[in-house]
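Novice: What follows is a structure written as structure tokens; I'll ask about it next.
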Amino acid sequence: YRDYISNYTVVTFGSSRTWGAGIRHPERDSFSALLGARNLGIRASGPEYPALCTYSMLEGNENGNDKFVPKEYDVIVIEYSLGFFETAAQSLPVLAKRLKLRYPNAIIIFLSVWMPKQYRHIKTGYSLDTWIKRECPKVRTENKEFLNCLEEKSISSDWKFYPDFGGKAAMEMIAKSVDGVVVSLKSPREDDDAIDALKQSSYLYTMDMTHFSEEGHRWVQYRIIQKIQEHQQQSSQNNKKVVDTTNVGGGEGVISQPWQLKDYCMSWFQSGKVVLATNTTTTTNSSMIQNTTMPLVEFKEGKFALEASNNDDNSFTISNLFSAGNLFLKKKYYFVYISFMSTSPERIYPKVDVSLLQNGEDF
């Protein structure tokens, strides 16, 4: 497969599944790596940030990097769960449209999968991953051991499958709107035998029943290459331009179009780097952040955030890089968005007041 996919220039957008969480060597064994792709997956996230920051992520200036050379992409893979978060279903069409407008000839492949943790134990209410931790504490990574424990301590009627509340249908509509294709892992029906369904697919996942195992990543790689081959065959049958694999990229005349909308985003969530401004008036790739009073902390392995303490001086100062006279874009006003940790605030994070000030005054 590596020889075949080497004819294409691939980029992947997605969550921690795309990033490769849960496997030992994501830089080598994730489906992105197996496809030779540029991996833009972000852990613990959905399509909201990429939809807003598509330009910054693809043009390489997301962290003040002015040395990255933009590429032409002829295969774009998108992986997100839609059925559980309203904002995800709202954001994915925006991301898909921005990518389609930029790369009109690229093959856009959407990955639609279900997770074994969508099974819940009826009596206890536990999701499958939580039930395993409680009932099978010695089981770690061996799929056969997990299945043996599952059959020893439960029967199929103990489990109920909770579908993704229209996520698959929404993804298919979004894919159709940009002439994309969908790679699906067939999800169980509510009346399917639960244990049989898990026997057929649980090996594709790690023991958290959410992220792909190494076998799962290989399955995704295989299915994506299948879709590319099908697309190539369909293009030939429709008398479209046949893929010329002698060209760099190998896609159907990969021609990118100018960005209709640009953005400027800064993220330290995965990089652990806060790039401070050096010159915010004369260079296109200066950082918008002038200074901050908050320390950067690694709150979980490989995940970073600016941490606010219990005092009044938790702030950072940003410059409007789009103000008149700046070379980046000669426009004065832009929307400002701030991403912050928000899961279960009543259990993990305290309630806070966030103010956006201009010259010291709240506006």
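Novice: Say we look at segment 162-171 and pick out the residues that are hydrophobic (A, V, I, L, M, F, W, C) and out of contact with any helix residue (DSSP H, G or I) (no Cβ under 8 Å at 6 or more places or on another chain); which of these is modelled with the highest pLDDT?
Specialist: Within segment 162-171, the match that is modelled with the highest pLDDT is ALA169.
Novice: Within segment 306-363, can you find the residues that are surrounded by 11 or more Cβ atoms within 10 Å (Cβ to Cβ) and at pLDDT below 70?
Specialist: LEU321, PHE322, SER323, ASN326, LEU327, PHE328, LEU329, LYS331, LYS332, MET341, PRO345, TYR349
Novice: For segment 122-134, give me the residue count where each residue is of a type outside the set (Phe, Trp, Tyr) and buried (at least 20 other Cβ atoms within 10 Å of the Cβ).
Specialist: Counting residues in segment 122-134 that are of a type outside the set (Phe, Trp, Tyr) and buried (at least 20 other Cβ atoms within 10 Å of the Cβ) gives 2.
Novice: Same structure, new question: Is segment 92-107 home to any residue that is surrounded by fewer than 20 Cβ atoms within 10 Å (Cβ to Cβ), of a type in the set (D, E, K, R), modelled with pLDDT under 90 and in a helix (DSSP H, G or I)?
Specialist: No: segment 92-107 contains no residue that is surrounded by fewer than 20 Cβ atoms within 10 Å (Cβ to Cβ), of a type in the set (D, E, K, R), modelled with pLDDT under 90 and in a helix (DSSP H, G or I).
Novice: Can you tell me which residue within segment 99-140, out of those that are of a type in the set (Val, Ile, Thr) and more than 19 Å from the chain's Cα centre (by Cα), is farthest from ASP158 (Cα to Cα)?
Specialist: It comes out as VAL139.
Novice: Looking only at segment 269-305, which residues are within 19 Å of the chain's Cα centre (by Cα) and either at pLDDT below 80 or farther than 25 Å from TYR73 by Cβ (or both)?
Specialist: If the condition is that a residue be within 19 Å of the chain's Cα centre (by Cα) and either at pLDDT below 80 or farther than 25 Å from TYR73 by Cβ (or both), then GLY272, LYS300, GLU301, GLY302, LYS303, PHE304, ALA305 are the ones that fit.
Novice: Sort through TRP114, TRP159 and tell me the only one that's surrounded by 20 or more Cβ atoms within 10 Å (Cβ to Cβ) and modelled with pLDDT of 95 or more.
Specialist: Matching residue, one of TRP114, TRP159: TRP159.
Novice: List, please: which pairs have Cβ atoms under 6 Å, are six or more places apart or on different chains, and start with a residue in segment 33-59 that is without any contact (Cβ under 8 Å) to a residue 40 or more places away in the chain and open to solvent by 20 Å² or more (accessible area, probe 1.4 Å) and end with one that is of a type in the set (Gly, Ala, Ser) and in a helix (DSSP H, G or I)?
Specialist: ASN39/SER32
Novice: Would you mention how many residues in segment 132-187 are in contact (Cβ under 8 Å) with a residue 60 or more places away in the chain and of a type outside the set (D, E, K, R)?
Specialist: Of the residues in segment 132-187, 22 are in contact (Cβ under 8 Å) with a residue 60 or more places away in the chain and of a type outside the set (D, E, K, R).
Novice: Looking at ASP29, ASP74, ASP3, can you tell me which residue is modelled with pLDDT under 90 and more than 15 Å from the chain's Cα centre (by Cα)?
Specialist: Checking each option against the conditions leaves just ASP3.
The values are calculated or read from the model by the stated rules, or taken from the named source; none is laboratory data. What you see is a predicted model; the values in this text were computed from it and never measured. Cβ coordinates were reconstructed from backbone atoms using ideal geometry, including for glycine residues, and neighbour counts include every protein chain displayed. We work out accessible area using only protein heavy atoms, side chains counted, and drop any ligands, DNA or RNA first. Shrake-Rupley method; radii C 1.70, N 1.55, O 1.52, S 1.80 Å.
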